[in-house]
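Have a look at the structure below before the remarks.
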Amino acid sequence: MKKTAGKNPWARFAGKPLVAPSLLAADFMHLADQIATVIGAGAEILHVDVMDGHFVPNLAISPGVTRSIRRGCGHFLDAHLMVTDPLFFAEPFIKAGVDSITFHVESDSDPRRMIAALRQAGVGVGITVKPGTSAETVRPYAGEVDLVLVMTVEPGYGGQAFMADQVDKIRAVRDIVGPSVRVEVDGGIDADTVVRCVEAGADTFVAGASVFGADDIPAAVKALKRSIASARAR
């Protein structure tokens with residue numbers, strides 16, 4: 001799909017809650033099969049975790065792997081850049097075919113330069129905050145982004161427990177950005193914790209270990225979707 005400068009690729013999902021399995025938790029010996037499995041189970045987004053070993057103490061998915069994923073499927077790819085200099089990393093991931101990039105407000109890159117570069121490239125624009133960062137940090141950019149990601153664990157490793165003290169931040173971010181910007185959560189998300197996130201105003205849900213670590217991956221995706229639908233219906 002050709003990208004258009006200034007376009008919001010997330011607009012196609014307006015009003016719809018989204019499940020985004022985190023590929024960091026997948027079995028890379030069987031990555032293609034596991035991607036097909038979560039897509040078949042109804043996952044709308046594939047979450048691509050990118051780590052530089054500096055901003056966070058881990059290394060993760062490269063542009064080359066991302067390019068291979070893009071060649072193998074046409075699903076929406078959301079790259080989460082947990083890196084010190086996202087402005088440097090943005091171009092190779094855009095060339096690799098991602099649909100959207102989310103970067104940390106705590107990084108060294110100037111947020112407005114980063115937002116402008118992503119808009120010019122025609123990919124979605126997301127900004128994210130670590131657990132220790134105030135929701136108020138995103139306020140200056142609330143009208144310029146498509147998505148705000150609230151980390152509900154410390155970024156860097158999968159399989160961590162959900163930090164319940166971040167629920168108030170989810171609610172605060174929703175109040176800041178209003179209804180037209182997506183609010184995403186990432187970290188310790190499963191069929192139980194997702195309910196609190198929905199109730200706080202989140203609409204996009206990254207799940208790693210609870211999906212790819214499950215004995216029945218399709219059942220795990222469907223359980224997440226049922227919990228989300230039930231919480232939204234209350």
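Decide, for the stretch 1-130, between rounded, prolate and oblate: order the square roots of the alpha carbon gyration tensor eigenvalues as a ≥ b ≥ c, take rounded if a/c falls under 1.5, and otherwise choose prolate if a/b is larger than b/c, else oblate. Judged from the Cα gyration tensor, the stretch 1-130 comes out oblate (a/c at least 1.5, b/c at or above a/b). Extension gain for residue 67 to residue 164 (0.36 nm times residue separation, less C-alpha to C-alpha distance): 31.4 nm. Taking a quarter of the surface of the Cα convex hull of the chain, what do you get in nm²? Answer in nm², one decimal: 11.1. At full extension, residue 226 and residue 29 could sit 68.0 nm farther apart than now, given 0.36 nm per residue minus the alpha carbon distance. When both the stretch 180-198 and the stretch 110-148 are represented by their alpha-carbon centers, they are found 19 Å apart.
GNM, the chain, Cα, under 10 Å: largest mean-square fluctuation among 100, 109, 22? Top of the fluctuation ranking is 109.
Just rank 216, 49, fewest to most, by other beta-carbon atoms within 10 angstrom.
Going from least to most buried by this count: 216, 49.
Candidate cross-link partners of residue 16 among the lysines, defined by an alpha-carbon separation under 20 Å and a same-chain spacing of 8 or more, comprise 7, 222, 225.
Relative contact order for the stretch 16-233: 21 percent, from Cα pairs under 8 Å spaced at least 6 residues apart, divided by residue count. Computed per residue of the chain from DSSP H runs no shorter than four, each worth -39500 (n - 2.57), the mean residue ellipticity at 222 nm is -10500 deg cm²/dmol. Counting neighbouring beta carbons within 10 Å and listing from fewest to most, the residues 113, 196 come out as 113, 196. Which residue fluctuates the most in the chain, going by a Gaussian network model with Cα springs under 10 Å, if the choices are 200, 32, 142? Fluctuation is largest for 32. Between the beta carbons of residue 14 and residue 234, assuming R0 = 22 Å, the FRET efficiency works out to 0.55 to the nearest 0.05. Footprinting exposure proxy ranking of 197, 73, fewest other C-beta atoms within 10 angstrom first, gives 73, 197.
Starting from the Cα of residue 130, draw a straight line to each of the aspartates and glutamates and keep only those under 13 Å, dropping any in the same chain fewer than 8 residues away. Filter leaves 106, 154, 165, 184, 186.
Where a number appears in this text, it was derived from the coordinates with a stated rule and is not lab data. Quick caveat: nothing in here was measured; it's all calculated off a predicted structure. Please note: Cβ atoms are built from the backbone with ideal geometry, for glycine as well, and neighbour counts cover all protein chains shown.
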